[in-house]
Structures are given as C-alpha cells and as structure tokens.
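The structure appears below as structure tokens.
The values are calculated or read from the model by the stated rules, or taken from the named source; none is laboratory data. Owing to the predicted nature of the structure, the values given are computational and were not obtained by experimental measurement. Neighbour counts run over all protein chains shown; Cβ positions are idealised from the backbone, glycine included.
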Ligand code: C2E
Ligand code: CA
Ligand code: CA
C-alpha cells in the first residue's frame with residue numbers, strides 16, 4: 001500500500017519535560033503527555049491521528065481538516081496551553097509548544113521537520129509557530145497574533161539537536177555585531193569545549209554522550225538566555241554575550257557539568273575574546289576565542305581563559321605555518337633531530353627517537369607543538385612524517401655503507417597518517433630504496449591517537465607482520481591505557497614522563513610507575529621511561545627493572561646528521 005504523505009501536521013511538545021520529570025518522576029511525565037493528548041481531543045483532533053514522536057512530543061495528523069479549521073485547531077490549542085498544570089502537581093505549569101506544518105512545508109521528513117520546528121520554538125521560547133512553505137500569504141491574511149510564522153529559510157538557522165543557532169548563522173550575527181556602531185561596550189565571544197569528550201563517549205555510550213551534550217547546551221542556554229548562542233560542532237559551543245558577569249556564569253556551567261557525572265567529572269572549558277577591534281572578521285574573532293580555550297585544555301586549574309598577547313603570537317605563527325606548510329616540506333625546512341635511548345642494564349646506547357623540527361628561514365627552529373597540530377589540521381602531517389622517515393633511512397643507510405655503528409630508530413606517527421596515505425606501504429618502499437632492514441625501525445603511536453574512535457588494530461598488525469616494531473607512546477596520560485593494552489599488541493610501552501616528574505613528591509606516582517613496569521613485564525612488553533633528568537630517577541628505574549630510558553640526563557634531541 002502506498003504511503004500517502006500527510007498534508008497537514010501539528011506537533012504538541014512539552015518544553016519543560018525534564019523539569020516535569022525531575023519534580024514528579026517519569027509517571028508524571030507520561031501523564032503530562034496524556035494531558036496534551038486530551039487537549040488535542042478537545043480541539044477536535046481524532047485520537048486515531050495522534051502518535052508520540054518521543055516522550056515529550058505528540059505528532060498530530062490533521063490532513064482531513066479543511067485549512068481554516070486546521071488553523072482554528074492550532075490556535076485553539078495554543079490558547080489552551082497557557083494555563084495547563086501538570087496532573088497531580090497543580091503548581092507546576094506545563095510549558096507547551098504548539099507547532100504546525102502545512103503541506104508545502106513538509107518537504108523534509110515529517111519527524112525531522114517537527115524536530116527542527118520544536119528546536120526553533122525552544123530556542124526563541126515561543127509558544128506556537130507555524131512552519132510555512134509557500135502559503136505564507138494565507139497566514140498573513142489571517143492576521144494571527146498567537147502563532148508565529150516561520151519559513152524554511154529561518155529554520156535552517158537552527159541546529160535541531162540543541163535548538164541553538166548553526167555556526168553559519170552565528171557568524172552572520174557576529175558580523176552584524178562587529179559592524180554595529182551602537183553595540184554594547186563590552187561584548188565577548190565565548191568558545192566552549194568539553195575536554196576529552198571522545199573518552200567520555202568511549203567510556204560510556206553514545207547515548208550518554210548525547211545526554212552530556214544536551215546537558216551542557218541546556219546549561220549554556222540557561223546562563224546566557226539573553227544572548228546569541230550556537231552549536232558549532234559535536235562538543236563545541238559559542239556565545240556572543242554582553243553580560244557583565246561572564247566569568248561567574250562560566251564557573252557555574254563548569255561546576256554543573258562536573259557534577260553531571262561525578263565518576264568522570266567532565267570539564268567544560270571556555271575561551272573568551274573581547275570584541276574591541278572593528279576590523280576583525282567573524283572567523284578570526286571566533287578563532288581567537290577558540291585558541292584561548294585550547295590553551296587550557298587538559299588543565300585542571302583553569303576553567304576559562306581570556307585571549308591575550310601570547311595567544312595572538314601563537315595565532316600568528318599558526319597562520320604562518322599553515323601558509324608555508326607545502327613549502328616547508330618541499331624546500332627541506334623540516335629537519336630530523338635524534339634523542340638517544342639507553343639500555344638501562346648496560347647503560348649503552350640502544351636506539352634513538354627521531355623528532356621533527358621546522359627550521360624556518362625567518363624564525364629559526366620551531367618546536368613540534370607549534371607546527372604539528374597545524375599540519376594535522378591542514379591534512380599535511382603525513383608529508384612531514386614521510387620526510388622524517390626518509391631522512392632516518394638515508395642516515396642509517398650511510399652508516400651501514402661506511403661500516404659505522406648504528407642503532408634502531410623509532411619514529412612518531414600521527415593518527416592521520418593512516419587516513420592520508422598507505423603509511424605502511426610508503427615506509428616499506430623507503431626501507432627498500434635505502435636497503436634498511438625493517439627491524440631497524442619502530443613506529444610510535446600515542447595513546448590518544450588510538451583513542452580517537454577509529455580502529456587501528458588492523459594497521460598495527462600489518463606493521464608488525466611486516467617486521468616493524470610498534471611502540472605505544474605516552475602511556476598513562478589518557479583514560480583508557482589499560483583497555484588499549486587489552487586490545488592491541490605492542491612491542492614497547494613508553495611510559496609518559498609525568499609519572500617520573502611526580503615521583504619524588506608523590507609516593508603514589510612511584511607506586512603506579514612500579515606497577516606499570518611490572519604489568520608490562522608480565523605481558524611480555526618491553527618498557528621505556530621517558531623524561532629521565534636526574535641520577536635519582538635513573539637509579540630508581542634501574543632497580544625497578546625498566547628496560548630502556550630516554551631523557552635529558554643522557555642527551556637532548558640534536559641534529560641527526562651530527563650523530564648521537
Ligand atoms: P613525544 O613523542 O612524547 O616526544 C618526547 C618529547 O619530550 C620531545 O619533545 C623531547 O624533546 C622531550 N623530552 C625528551 N627528554 C626529555 C626530558 O628529559 N625532559 C623534558 N622536559 N622533555 C624531554 P619534542 O621534540 O618537542 O616533541 C614533542 C612532541 O611532538 C612529541 O612528543 C611527538 O608527539 C611530536 N612529534 C615530534 N616529532 C614528530 C614527528 O616527526 N611526527 C609526528 N607525527 N609527531 C612528532
Ligand atoms: Ca614519541
Ligand atoms: Ca612520549
């Protein structure tokens with residue numbers, strides 16, 4: 001049987017469903033939806049034409065009604081929602097949205113259109129709205145004051161998931177604000193980001209992740225109800241605010257979010273950019289707030305950060321790097337530095353880690369934290385990594401040809417290398433070209449790269465099957481290190497230097513370090529501790545039976561061509 005698309009659809013939705021459930025429990029929530037059903041019946045809707053879209057929304061098909069009656073029914077419902085109390089809790093008023101969609105407006109799927117419409121009404125705190133297609137005229141003729149008429153065009157401004165504005169619309173409004181000669185003195189752009197949201201999703205479920213996002217969105221909406229706000233991407237939000245107490249509002253959002261799930265205590269960070277410069281573009285302004293926010297990622301002592309001069313310099317360098325990336329790779333600005341790795345038992349050199357440097361003709365040597373994230377953003381990071389592998393292979397080949405002693409190298413790979421090229425194939429080809437046995441190269445993959453959702457297990461197994469060792473870098477600085485050990489096979493565990501840093505003042509760090517080393521031994525995985533700077537640390541690791549060490553005590557990274 002062919003499905004006849006509905007010509008006229010209305011929605012009745014409880015805007016304060018969460019509050020209703022919080023006050024009276026789920027049964028009161030269900031009863032509230034039931035009162036909406038009754039309300040629709042009293043307005044002449046046949047119960048056979050109602051269906052629950054979700055726990056807070058009813059979808060009503062009114063295709064039988066002539067247009068005018070349809071309109072009257074909607075207006076009737078809108079009028080009756082004003083004083084609708086929750087059943088069994090008379091003090092609690094139900095906040096009801098009444099929406100309607102005409103035939104022409106139903107171009108998209110009914111449910112999607114309904115969800116967009118509700119999100120729109122929630123955002124603007126409107127009681128009733130009509131999503132019109134090309135029939136705007138009829139509605140305008142009706143002169144209805146109770147019902148807002150909105151177009152598909154307007155709906156596109158809203159993100160259906162959170163009901164906030166889309167990034168595009170936000171940037172448009174930001175442009176208006178920048179150009180507005182009468183805008184308030186202190187206007188700020190706030191950029192919110194949830195730290196480690198990916199881990200949260202991994203640790204719990206995607207539904208839990210959605211709940212957290214909606215919770216943060218609701219906190220932002222509550223705190224900045226008078227301001228313009230947008231859902232930028234998964235776990236990022238922006239607000240354009242002239243509120244005088246931004247900082248206390250951010251602190252409130254931060255505290256509420258931590259309490260949302262105490263076992264994880266999610267952190268919402270906020271970057272703030274004060275809008276002073278009239279020549280700034282919306283993109284740059286938002287980028288400045290973003291940069292300020294990124295600068296406190298992972299820091300437990302800071303919840304917000306104003307954009308300042310330091311950030312400005314960094315933004316400048318980031319742009320510079322993005323613009324010169326191609327050239328840096330092509331013109332040999334990327335240099336390979338090497339840092340010695342020591343065999344703990346013998347105290348002898350047993351390998352080196354290859355570390356990239358950007359040797360800039362104008363700015364001198366740049367450290368990886370300056371250019372690696374930018375190259376990743378520009379999806380050029382594989383070019384740099386291949387460049388480093390090539391230099392390492394040439395170096396090893398030269399040593400072998402001249403009969404010089406040489407040790408294996410480890411190279412750092414970015415998660416994106418696996419997406420941007422067949423990195424195993426590229427590395428194998430370079431090894432063949434320079435006649436380098438695969439045992440001389442190990443790849444380092446950080447724990448965070450493995451956490452980013454995708455499954456690198458197959459890739460890691462391919463590397464190991466091809467005779468390369470695979471090392472896990474920065475072990476212990478993320479949330480799921482132990483899970484990863486269960487799921488992936490590594491040859492070496494590189495323990496994050498933070499444990500060592502703390503060791504002398506924090507007995508627990510010392511104990512954790514000892515346990516990690518023992519666990520790796522039991523699993524048959526070799527260990528390397530990074531960041532060894534003192535004799536005390538060295539002696540401790542020797543006694544603890546760690547296999548390899550790396551750190552300033554044995555040597556800082558230096559140009560590979562100068563040897564180790
Ligand atoms: P990583 O792989 O954890 O590298 C270790 C970093 O710690 C290096 O910083 C090294 O110079 C530093 N380090 C070594 N010993 C000590 C010590 O005793 N004390 C202290 N305080 N630091 C020490 P670097 O070279 O700045 O590299 C930073 C990060 O950049 C690396 O962290 C790695 O994740 C990334 N990186 C470096 N080169 C490359 C590359 O060629 N490709 C990719 N994809 N990433 C790279
Ligand atoms: Ca590394
Ligand atoms: Ca490391």
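A few comments on the model shown:
- Of all residues making up segment 265-301, the number that are within 23 Å of residue 202 (Cβ to Cβ), surrounded by 15 or more Cβ atoms within 10 Å (Cβ to Cβ) and in contact with a helix residue (DSSP H, G or I) (Cβ under 6 Å, 6 or more places away or on another chain): 3
- Test: residue in segment 412-429 that is in contact with a strand residue (DSSP E or B) (Cβ under 8 Å, 6 or more places away or on another chain) and free of Cβ contacts under 8 Å to residues at least 12 places away in the same chain: no
- Scan of segment 198-207 for residues that are out of contact with any helix residue (DSSP H, G or I) (no Cβ under 7 Å at 6 or more places or on another chain), in a helix (DSSP H, G or I) and either closer than 24 Å to residue 251 by Cβ or free of Cβ contacts under 8 Å to residues at least 40 places away in the same chain (or both), ordered by number: 206, 207
- Failed criterion for residue 435 (all others in (1) in contact (Cβ under 8 Å) with a residue 12 or more places away in the chain; (2) within 28 Å of residue 515 (Cβ to Cβ) hold): (2)
- Conditions (1) surrounded by fewer than 19 Cβ atoms within 10 Å (Cβ to Cβ); (2) within 16 Å of ligand 3 (Cβ to nearest atom): number failed by residue 435: (2)
- Unique match (being farther than 20 Å from residue 93 by Cβ, buried (at least 16 other Cβ atoms within 10 Å of the Cβ) and either within 41 Å of the chain's Cα centre (by Cα) or modelled with pLDDT under 90 (or both)) among 36, 65, 12: 65
- In segment 129-158, of all residues being modelled with pLDDT of 80 or more and in contact with a helix residue (DSSP H, G or I) (Cβ under 7 Å, 6 or more places away or on another chain), the one that is farthest from residue 236 (Cα to Cα) corresponds to 129.
- Filtered by the rule that a residue be away from ligand 3 (no atom under 12 Å from the Cβ) and at negative phi, segment 517-532 gives 517, 518, 519, 520, 521, 522, 523, 525, 526, 527, 532.
- Count - residues of segment 416-443 that are within 16 Å of ligand 2 (Cβ to nearest atom), out of contact with any helix residue (DSSP H, G or I) (no Cβ under 6 Å at 6 or more places or on another chain) and part of a helix (DSSP H, G or I): 0
- Flag for residue 178 being assigned to a helix (DSSP H, G or I) and either out of contact with any helix residue (DSSP H, G or I) (no Cβ under 7 Å at 6 or more places or on another chain) or at pLDDT 90 or above (or both): yes
- Search result, residues across segment 358-372 that are surrounded by fewer than 21 Cβ atoms within 10 Å (Cβ to Cβ) and more than 16 Å from ligand 3 (Cβ to nearest atom): 359, 360, 361, 362, 363, 364, 365, 366, 370
- Residue list for segment 353-374, filter: touching a helix residue (DSSP H, G or I) at 6+ places or on another chain (Cβ under 9 Å) and within 16 Å of ligand 2 (Cβ to nearest atom): 354, 355, 356, 357, 371, 372, 373
- Residue 416 vs. criteria within 12 Å of ligand 1 (Cβ to nearest atom) and either modelled with pLDDT under 95 or within 14 Å of residue 563 (Cα to Cα) (or both): yes
- Candidate set from segment 373-401 (those that are in a loop (DSSP other than H, G, I, E, B) and at negative phi); member that is surrounded by the most Cβ atoms within 10 Å (Cβ to Cβ): 380
- The one condition in (1) away from ligand 2 (no atom under 15 Å from the Cβ); (2) closer than 28 Å to residue 426 by Cβ; (3) touching a helix residue (DSSP H, G or I) at 6+ places or on another chain (Cβ under 9 Å) that residue 461 fails to fulfil: (3)
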